[in-house]
Amino acid sequence: MTSEAGGEILFERRGPLGLVTLNRPKALNALSLPMIRAMHAQLRAWEDDDTVSRVAVRGAGGRAFCAGGDIRRIYEVARAGDEAELYDIWAGEYGLVAYVGRYPKPYVSLIDGIVMGGGVGISLHGEYRVAGEGYAFAMPEVSIGFFPDVGMTHSLPRLPGHTGFYLALTGARIGAGDALNVGLATHHARGADFDRILDRLAAGVAAAEAIREFSAPAPQTGPLVAERALIDACFEAETVPEILARLDAEAEAGSGFAADTAALLRTRSPTSLCIAREQMRRGTNLSLAEAILAEYRLVTRLMQGNDFYEGVRAVIIDKDGKPAWRPARVEEVDLEAVRAAFGPSGRPEPRFA
């Protein structure tokens, strides 16, 4: 076993298996730039190594697979005016996510606990996504003035009905049952059996077979499935104000779920909500690489704005839970500016293909 990034990420060869362990349990295995670079380099080395026939990724500590990118560090370097490191982080994370999406060998993510943001990016685009009983998925970026990134512009619009739209705009958390139902997870196994799956992969058993041997019955589904008809009816609306109007109408008709969802949306950044809705509109026509490039372009705009810094301040830095969004109402968001933010920014753009 080798460790990189000060022990924050571990790499191990077990026969034909290359194993990645995210090893920042106190930080819920959040991805730092050194971790991102080390993982990208190791995956490339294993791609070129004919003795490695499959790769697996897991998180240490039991509480999280990976809670995302290191948002606090991004906030700090941006506030310090260090554009070089700021865009190195974004380009590095997005480059790794795009690479996972085209990785040529079986790629197995063993996911128990929290999986959010960058953790979704390095798992969802792989071939096998095994959810443990503690699996908890969310893309909550709209709560910090950001948007669902790491390829979600491509992936979420492709979920059944408008479930991906709901997840993008609300940032709601779902469990393994709902994730399996909509395809975010491909298999379910007990977290206690993850080591046994790894043993079988290391013994050369085909990935699908090794996972199947320890598959558990699908757990109960939750609101994403139970409220599917209402989600589809409300989130198919073309604009965020119309989505809210439909939710309000359902709430008046007695739906507690609709009332709670509308209330949640009204706590999110109005600009982020409008960006997320536009992502869902565009995403079905974009490849993963094209979607990630669009997200990088969005980043260059949001790093110059207000809501990301205000959201991180309110949620992560000061923790007062009172972000002052600008503008404060979805009706005041400049939709032309939102649409324009998907186009070239004038900054140098990495290649993600």
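The values are calculated or read from the model by the stated rules, or taken from the named source; none is laboratory data. Everything numeric in this text was worked out from a predicted model, so none of it was measured. Glycine also receives a Cβ, built like all others from the backbone with ideal geometry; neighbour counts cover every protein chain displayed. Heavy atoms of the whole protein, side chains included, go into the accessibility calculation; ligands, DNA and RNA do not. Shrake-Rupley method; radii C 1.70, N 1.55, O 1.52, S 1.80 Å.
Data overview
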item	result
Check on MET116, open to solvent by less than 10 Å² (accessible area, probe 1.4 Å) and either within 27 Å of GLU349 (Cα to Cα) or β-branched (Val, Ile, Thr) (or both)	no
Matching residues in region 298-311 - criterion: being in contact with a Lys or Arg (Cβ under 9 Å, 6 or more places away or on another chain), open to solvent by 30 Å² or more (accessible area, probe 1.4 Å) and of a type in the set (S, T, N, Q)	ASN306
Residue pairs meeting the criteria (Cβ under 7 Å; at least 6 apart or on separate chains; first more than 19 Å from GLY62 (Cα to Cα), in region 175-190; second assigned to a helix (DSSP H, G or I))	ASP178/LEU224; ASP178/VAL225; ASN181/VAL225; VAL182/THR163; VAL182/LEU224; LEU184/LEU124
Close pairs from region 312-332: first over 23 Å from GLU278 (Cα atoms) and open to solvent by less than 100 Å² (accessible area, probe 1.4 Å), partner part of a loop (DSSP other than H, G, I, E, B) and acidic (Asp, Glu), Cβ under 6 Å, at least 6 apart	ALA314/ASP320
Segments classed as helices (runs of 4 or more DSSP H), wholly inside region 163-268, with at least 1 members that are open to solvent by 40 Å² or more (accessible area, probe 1.4 Å)	176-182, 194-202, 207-213, 223-226, 228-235, 240-252, 256-265
One residue from PRO241, PRO223, PRO217 being at pLDDT below 95 and under 26 Å from the mean Cα position of the chain (by Cα)	PRO217
Sole residue being closer than 28 Å to PRO140 by Cα, surrounded by fewer than 18 Cβ atoms within 10 Å (Cβ to Cβ), in contact (Cβ under 8 Å) with a residue 24 or more places away in the chain and of a type in the set (D, E, K, R), chosen from ARG58, ARG13, ARG63	ARG63
Residue in region 1-45 that is farthest from ALA91 (Cα to Cα), counting only those that are over 24 Å from the mean Cα position of the chain (by Cα) and not aliphatic (A, V, I, L, M)	GLY15
In region 130-140, the residues that are buried (at least 24 other Cβ atoms within 10 Å of the Cβ) and within 10 Å of the chain's Cα centre (by Cα)	PHE137, MET139
Which numbered condition SER143 misses (of (1) out of contact with any Gly (no Cβ under 7 Å at 6 or more places or on another chain); (2) in a helix (DSSP H, G or I); (3) open to solvent by 20 Å² or more (accessible area, probe 1.4 Å))	(1)
Qualifying residue in region 74-83 (condition: surrounded by fewer than 17 Cβ atoms within 10 Å (Cβ to Cβ) and among the β-branched types (Val, Ile, Thr))	no
Some residue of region 116-128 being in a strand (DSSP E or B), closer than 22 Å to MET35 by Cα and aliphatic (A, V, I, L, M)	yes
